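Please treat every number below as a calculation from the coordinates, not as lab data. Here the structure is a predicted model, which means the values were calculated and not measured. Here the Cβ is made from the backbone with ideal geometry for all residues, glycine too, and neighbour counts use every protein chain on show.
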Amino acid sequence: MSWVRPNCVVIPCLLLCTAIAKGQSNIPVRGHVYLPRTSGATVLSTYLDAESHRIVAVGDFLESQAIARRIHVESDRVAMENAVLWVETYFKRKELNRQYRRAANPPYLDKQQHRDEQYQRRIFEMPQEVTSGDPSDEINWLLDHLVSDPASYQFIYFDSGASAKEIDLALKPEDIKHVVLREAVGAQGGGRTFRAAAPSVLKDDWPPIFEGPEFAAEKNEFQRVRAQAQAEIAKGELSFATWTEMKRATERLESRFDRVFSKTSLGPNSGTERLVNRQMGQKFFAAQAAGSLRALTANNLEAYGTSYKFDGNSVVQLLRHCAQNSLEFASPESGDEASYRKLFEHLRQMYLHFNPDQTTSG
């Protein structure tokens, strides 16, 4: 007797597999077909029971296979999205890191712009803060802008009429004696300071802290070597041997100075005066080192004093002198403060004359 395989169980399985293969948004939780046991009554019923269980198992396998393919497709899609997201995250992290480092350590031009804005704020909104301390940095800022601005440049270098006299300020010899200049950064032996009225390659004036008897021996030796160096400079050339001897005399004097004003002696009860004296001595030695090196390397020492000496009698001429010789204003020494305040206030008013839209203090 022939027997035909029933298809009543296969059709629902195929419909379920087709629905899953069409790509539903969410993978449903599927159930399983459990057939009652019908074997054992007759041979045919046993055969039918086994065949029905086989068909159910095949349908369950096909359904599991379809769901597995769906899961693999979803996992591949998520993997590709994660790969793209990883790349985007990588570059976003680099950009955030770059922005953070830029904010913590801005480029040179941004620093210069910020510094320029701070100078403008101090000069034009809080001038009393400038005049209460050392105004040399603010004066140099005004110097740079006045000699580079087109309007003021024309006035400083070419205009000498009646209008110029109204803006310019006459300088008395007493005022010029209190002006301390220095070579701009980058000049040979750069940073050496000198008086505008009497420039000298070697610094002649002694700070008052070296008047004590504890410096007598080293000071006398230093003065002897310096006098010999100045004699050679007057002839137009400083020998290397004299320069070396002067360098050693400076080192011996500095060593003695360090022993007298050592850090251990500057305890909590030493007072501000000893700290100021130590700073004054350090500036003196720095000026001596820069001056001796300049004297050794300069091509024309005779022209040194004449080129740096200021012979004018007005603020505009002083600005022109600084611009032509790459000079700038050094910090004022004791007794120079009043002349520096006067110079700062006039340069400030001169800048406002050529830049009337500049913000000023009320």
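Each peptide in 314-326, 114-126, 217-229, 69-81 gets a packing score, the mean of other Cβ atoms within 10 Å over its residues, and the list from highest to lowest is 314-326, 217-229, 114-126, 69-81. Of all aspartates and glutamates in the structure, those lying under 12 Å Cα to Cα from LYS283, and not within fewer than 8 positions of it along the same chain, are GLU254, GLU333.
With the highest mean first, a sort of the peptides 130-143, 331-344, 90-103 on other beta-carbon atoms found within 10 angstrom per residue produces 130-143, 331-344, 90-103.
With just the Cα atoms defining each centre, how far is region 83-105 from region 108-178? Give it in Å. So the two Cα centres are separated by 43 Å. Here the calculated FRET efficiency for LEU85 and ASN105, from their Cβ-Cβ distance with R0 = 30 Å, stands at 0.50, rounded to the nearest 0.05. With neighbours defined as other Cβ atoms within 10 Å of a residue's Cβ, the residues LEU85, LEU171 order from fewest to most as LEU85, LEU171. Among the listed pairs LYS235/LYS342; LYS247/LYS342; LYS111/LYS342, a Cα-Cα separation exceeding 32 Å is found for LYS235/LYS342; LYS247/LYS342. Taking label points 7 Å from Cα along the Cα-to-Cβ direction, ALA197 and SER64 give a separation of 10.8 nm.
Modelled spin-label separation between ALA184 and GLU245, with each label point placed 7 Å from Cα along the Cα-to-Cβ direction: 3.8 nm.
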